[in-house]
Amino acid sequence: MALFGRSKKSVAVKPAEPEVKQLAPAPAPGPHGARTVEDQRDWICSMIEPLMPFGMNLLDASGLNLCEDLLADGDLPALPEAACEGYAVISVDVRDVDPKAGVVLTITSDVHEEASAVPVLVGHPMPPGADAVVPLDAADVIDGENLLVRCSVEAGANVRQVGSDVADGSVIAKAGTTLDPRLLGLIGGAGFDKVLCRPRPRVVVLALHEKGRLSQAFEVTAQQHRDAASFMVASAARDAGAQVWREESVAQDAAAVAEAVTDQLIRADLLITLGGIEQGADGLLAEALTGLGPVDFSAIALRPGPVMGFGLIGADHVPVLMLGSDPASAYTGYEAFGRPAIAALMGTDHERAATQVRLDAPVSGESGVCEYIPAQVMSTPDGLHALPLTGRPGSLGPVAHCDGFLVLGEGSASAQAGDLIDFVAFGDR
């Protein structure tokens, strides 16, 4: 009989066929023939699954969101401790002190009898028997051995009681809480060295260049655009909490583009390509991705950045977001779709809160199109005011120097000075 009942005969195992994953039904175009920003964003995020959480060291978890309620399994502090530097005392000795005469205590190493005081530092465990701390500025040392206390001190004064920071069994932090340094300090103090979090999404920003497509005269400008767009998007993705790689590829045919893309899939939870989408579904990028997975190209009611693509490629169905190489278009596309995609991977809310601001100058756009207009915001006695930053359409300078975008929605073609308008701050200034 075979060991553990296993058959000695070799059994041919048919390799599993790779799962074929399709895109969700695409949103219908709006009344002007292009998909709305909101519909496209929600459609993309619906196909991105949050990363699997795991136990993570506290330092690695900074800035991430907790994936479970964290319950204390002990009190913090575990023992009463001094809340200030001074002298631990028995409160009955200093409860009713005449400020003019004071009370003299003996400085000792232990509170072993009445009328004694023990020097303590902040956070020092209280000596057994002591129940209050006399602050340094409320007493004077006499002859190095005695302490003149000049004010009354009640029981419990300047003492951190057991469980005053965290009580045993209480919730230290709820699921969904962002772990900042102060909260991590509390968690570490409560005895935890790991927390359950989703990892930082691995994002690859790949700038594509079609060799020979442009004349030499325009090549320098094109390289400047690629550098500006890729550094801007990669930095923004890192600011959103992702682990980021920035890459460039020079290719002259679809096979070379496909190789450049597939080379990055092994380390990507999200791939953002810049360039190669000018011709949409008829372009080189679309041809390169044929056979790698389902892709979709569409006009979007967004300015700047009217065309984009999305797909799920490779055996692991890695989401790929395809944006233009123009810096302003690339960044608005990232803000509208890339940052929400990263948030979806992290399992967090992808909405940036909009604030109402008052315009200091008029703005105009195209009817039926959502305009992202760079602006600087100033706080004034009568509220927040926004100054739109002007420049040619798609200019890099206004985007580089703005505090965020004014959002002129699809239903508004213009807004006048003095009007209230939605403003979305980037949060990095």
Q. In the chain, with Lys and Arg counted as +1 and Asp and Glu as -1 at Cβ, which of these residues, 388, 102, 86, has the Cα nearest the positive end of the dipole, that is, farthest along it?
A. 388
**Q.** Hz values of 3J(HN,Hα) by residue in segment 148-158 - Karplus curve (6.51, -1.76, 1.60), Gly and Pro given as x
**A.** 9, 8, 9, 8, 6, 10, 7, 4, x, 5, 6
Q) Which three extents, in whole angstrom, do the alpha-carbon atoms of segment 285-429 cover along their principal axes, largest first? A) 57, 30, 27
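Considering only DSSP beta bridges with both partners in the chain, what is the antiparallel share in %, to the nearest 5?
Given both bridge residues lie in the chain, the antiparallel proportion sits at roughly 70 percent.
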Q. Taking the mean number of other Cβ atoms within 10 Å as a proxy for protection, how do you rank 120-129, 24-33 from highest to lowest?
A. 120-129, 24-33
Q) For the chain, what is the calculated [θ] at 222 nm in deg cm²/dmol (nearest 500), taking -39500 (n - 2.57) for each run of four or more DSSP H residues and dividing by its residue count? A) -5500 deg cm²/dmol
Q) Got a sec? Charge dipole of segment 314-429, +1 on Cβ for Lys and Arg, -1 for Asp and Glu; which of 397, 363, 324 is way out at the positive end? A) 397
**Q.** Cross-link partners of residue 194 among aspartates and glutamates (Cα-Cα below 16 Å; sequence separation of 8 or more within a chain)
**A.** 60, 68, 69, 73, 180
Q | Net charge contributed by nearby residues that have their C-beta within less than 13 Å of residue 265 (K/R +1, D/E -1) | A | -3
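Please identify the helices of the chain, taking whole runs of DSSP H, that span at least 20 Å along their own axis as judged from the Cα atoms and have a mean Kyte-Doolittle score of -1.0 or higher. Working shown, then result.
Details: long enough: 216-239 (35 Å, -0.29).
Helices meeting the criterion: 216-239.
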Q.
Just checking my list (i) 27.4; (ii) 36.4; (iii) 25.4 against mean projected area of the Cα convex hull in nm² computed from this structure; which label fits?
A. (ii)
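Any read-out appearing in this document is the output of simple, stated calculations on the displayed coordinates, not a laboratory observation. Quantities reported herein were computed from a predicted structural model and do not represent experimental measurements. Quick reminder, even Gly has a Cβ in these numbers, built from the backbone with ideal geometry, and neighbours come from all protein chains shown.
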